[in-house]
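Trainee: This structure is in C-alpha cells; I'll ask about it shortly.
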Amino acid sequence: MRFLYLPVLLSSLCWALQEFPPAAGSLPPAEALVKKPIVRYDAQSIHQFNNTPYKDYDKFINSVIEESAGVTFSEINDLNGQIRPEMVKVTHENFFRIFRLDLFKQCPFWSGTEGFCMHRSCAVDTIDDWKDLPAVWQPEALGAIENASPASQDNSKDYCEIDEVNEDTVYVDLVQNPERFTGYGGDQSFQIWKSIYSENCFNLGHDQCVEKNFYYKLISGMHASISTHLSNEYLDLKTKQYGPNLKQFMFRVGDFPDRIENIYLNYIIVLKALIKLESSGILDNLEFSDDEQFRSKEVELKDELRDIIKPSYHLGDDTAECLFDENSLFQSADAAEIKDEIKENFRNVSRIMDCVHCDRCRLWGKVQTTGYGTALKVLFDLQKGKDYGNSTYDISKVELIALVNTFDRLSRSVESIKNFKKMYDVAIKAEEEGERVGEEDDAGNSISNVSGVDSSSIVGDQVDFTNPDVFESGGKIEAEYNDIVFPYKGKNTVKAAFYTELNNVWGALQLIFRSYQIFPKVVYNWCLIRVVYYWNKFVGHVQQDFDVNRLYHQEL
C-alpha cells in the first residue's frame, strides 16, 4: 500500500524544491521587512469597546469636526444621505467606472521577496481587449486630458505619481472589481503602513505646525476609511459571503473616535476640492472626450456632479468658506518649504502603492492616493485669478476619475459608520438580554454574525483552522476544506470508536486517491510558475531570484 502515497510525496517534493533560499545577492537588507507584531482580537463582548463614540452617539454627531469650518458630524450624515444615491449613479457611469494604471510597476523602495497574493480574491479582472471598453474610452475618443504627456504638465503641483501610458498599462472596471477584504495581510502589509506612517508622515502633536497635523489626519483618515471598507465587505467564513463584520470594524476603527473623525474630515476635504473645481469654472472647461457624439453625455455627467456638490454649499459657519477653509493653511513665512515637504511625502505614499502585492489592494490604493493627491493639488495650488476658468489647468482624466471615486469611497465609509452603529445597538441589546443576535438592519442585511468569527476560533490574528465550527455551514463542511479531518463528535462507546476509526481509514484512503487526481495539476502549476518566472527574468521584468516565500499564504 505504500506506493499509494507516491503522489503525495512527489507533490510535497515539488513545493519543497521551491523552498531553497534565493541566490546570493538577491535578498533585501535584513531590516527591509518588518515583522508584524501579534495582535490579539480577544474581545468577548461588544461591551468591552469602551472608547467608542457609539456609547454617547448623540453628543458625538452633534459636535463640530476639528479643522472644518464649523461643520458637525450630523450635518455630514444628512448631506451624505441626500447625495448618496446620486454618488452611486455617477460612479456607475462608463466614464467614471474605468481606471487606468500599471499593475506591474516595480516597488522603488525595497525588494518584493514576500507577500505575493495568489488567492483569487486578490485578483483584478482587467479589460484586455479594446472592444470591451466603453465607447468613451476607445482610442479614437480619448480626449486631450487623457493623452497629455507628462512633460507637458507642471509636475511641481502634483502631490502623487500617476502611471504613464506604456505597454504595461491596463484598464480596470472599478464596479466589477469592488474594494473588499481579500485576506492580504501579515508582515508585508504591515510594512506598507509602517513605511507610510514612520517615513512619510508626521507625528500628531501640539509642538509642530498645523499643516503637518493636518497631513497626519489626512493619512489617518485614508487608513481608517480603507479599514472601514474592508470591515464592511468582510469574508464570512461560515457562509463564504462578503458582508459587514462589526467586531472587525470596532477593532480597527469603531473604538477610536479620532479615526472616525478623520474619515469625516477627509470627506470634507475631498468634497471641497470638487466644489473648488466647479466654482472655479475648471469643471466646465474640462473636455472628457474628443468624440463629438459624447458631448451631450458629457454635459449630463457635469450636471450630475453639480447635483452632488451644490447641497454642500450652505454647510459651515458664517465665514466666506464652506466646509473647510484651505486658505488658513500655508500662510507662515516657511509655508513654501512645508508645502514641498508634504508634497514629497505624499508622492512617496503614492509610490509605496507599487509595493502592494495584492492586485486588488494595489488598484484601490492607487485610486485613493491619486484622489487625495488631486484634492490637495486643487485645494492648495489652484490659485484664484490665475487658474480659475483656465482650460489648460493641469488636471488629467485619471485624476478627475480618482477624485470622484475617492469621494464615493468616503461617502460609503460615512454610510457604513451609520450602519455599524445600528449593528452595535442590536449587539449591545442582545448581550444585555443574553440573546443571540439574529435581526436584520434597515437595509435587510443579515447581522446575525455581528461579532464576526467566534473568539474561540482566533489565535493571535489568525483563524484556528482546527476548529470545525469555523467551516461548518448547515451541518456540512464546505468542499473547499474537505481535506481537513475533525474529531468525531459521537458518543463514547465501543461502537462509536469503531465507526470513528472506520471513518478515519476511509478518509485517509480518500485523501490518497484525491492526491492521484490533483497530482498532474500540481506539477503543471509548478512548471508554469517556473516557466513564467524565468521568461519574465529573461525579458527583464524581475530582478530577484524565485522564492516560494513570495507566494501568498492567506491570513484571515
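The values are calculated or read from the model by the stated rules, or taken from the named source; none is laboratory data. Not measured: the values here are computed from a predicted model. Cβ: placed from backbone, ideal geometry, glycine included. Neighbour counts: every protein chain shown. Surface areas here come from the heavy atoms of the whole protein model, side chains and all, with no ligands, DNA or RNA. Shrake-Rupley method; radii C 1.70, N 1.55, O 1.52, S 1.80 Å.
Trainee: For residues that are assigned to a helix (DSSP H, G or I) and open to solvent by less than 20 Å² (accessible area, probe 1.4 Å), scanning just the range 284-303, find the one that is modelled with the lowest pLDDT.
Mentor: Out of the qualifying residues, it is E298.
Trainee: While we're on this one: Exactly one condition in (1) at pLDDT below 85; (2) surrounded by 17 or more Cβ atoms within 10 Å (Cβ to Cβ); (3) among the aliphatic types (A, V, I, L, M) is false for A123; which is it?
Mentor: (2)
Trainee: If the Cβ limit is 9 Å and pairs must be 6+ apart or interchain, which residue in the range 173-200 that is modelled with pLDDT under 75 and assigned to a helix (DSSP H, G or I) pairs with which residue that is open to solvent by less than 30 Å² (accessible area, probe 1.4 Å) and among the aliphatic types (A, V, I, L, M)?
Mentor: Pairs found: Q188/V356; S189/V356.
Trainee: Among the listed residues N245, N177, identify the single one that is over 25 Å from T52 (Cβ atoms) and open to solvent by less than 20 Å² (accessible area, probe 1.4 Å).
Mentor: So the residue among N245, N177 that is over 25 Å from T52 (Cβ atoms) and open to solvent by less than 20 Å² (accessible area, probe 1.4 Å) is N177.
Trainee: Which of the residues belonging to the range 222-266 are in a strand (DSSP E or B), of a type in the set (G, A, S) and free of Cβ contacts under 8 Å to residues at least 60 places away in the same chain?
Mentor: Those that are in a strand (DSSP E or B), of a type in the set (G, A, S) and free of Cβ contacts under 8 Å to residues at least 60 places away in the same chain: none in the range 222-266.
Trainee: Restricting attention to the range 64-86, which residues are open to solvent by 50 Å² or more (accessible area, probe 1.4 Å) and either charged (D, E, K, R) or outside any helix (DSSP H, G or I) (or both)?
Mentor: V64, E66, E67, E75, D78, E86
Trainee: Also: Show the residue pairs that are 6+ apart or on different chains and have beta-carbon atoms under 6 Å apart, the first residue being within the range 93-116 and at pLDDT 80 or above, the second being open to solvent by 40 Å² or more (accessible area, probe 1.4 Å).
Mentor: Hits for this filter: R97/V175; L103/D359.
Trainee: Which pairs do you get when a residue that is in contact (Cβ under 8 Å) with a residue 12 or more places away in the chain, found in the range 496-509, comes within reach of a residue that is surrounded by 11 or more Cβ atoms within 10 Å (Cβ to Cβ), reach meaning Cβ atoms under 8 angstrom, with the pair 6+ apart or on two chains?
Mentor: These pairs meet every condition: T500/Y488; T500/G490; N503/Y488; N504/V485; G507/V485.
Residue by residue, here is whether (1) out of contact with any helix residue (DSSP H, G or I) (no Cβ under 9 Å at 6 or more places or on another chain); (2) surrounded by fewer than 24 Cβ atoms within 10 Å (Cβ to Cβ) holds:
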| site | (1), (2) |
| --- | --- |
| N203 | no, yes |
| Y216 | no, yes |
| G221 | no, no |
| Y234 | no, yes |
| T239 | yes, yes |
| V253 | no, no |
| N266 | no, no |
| L274 | no, yes |
| I282 | no, yes |
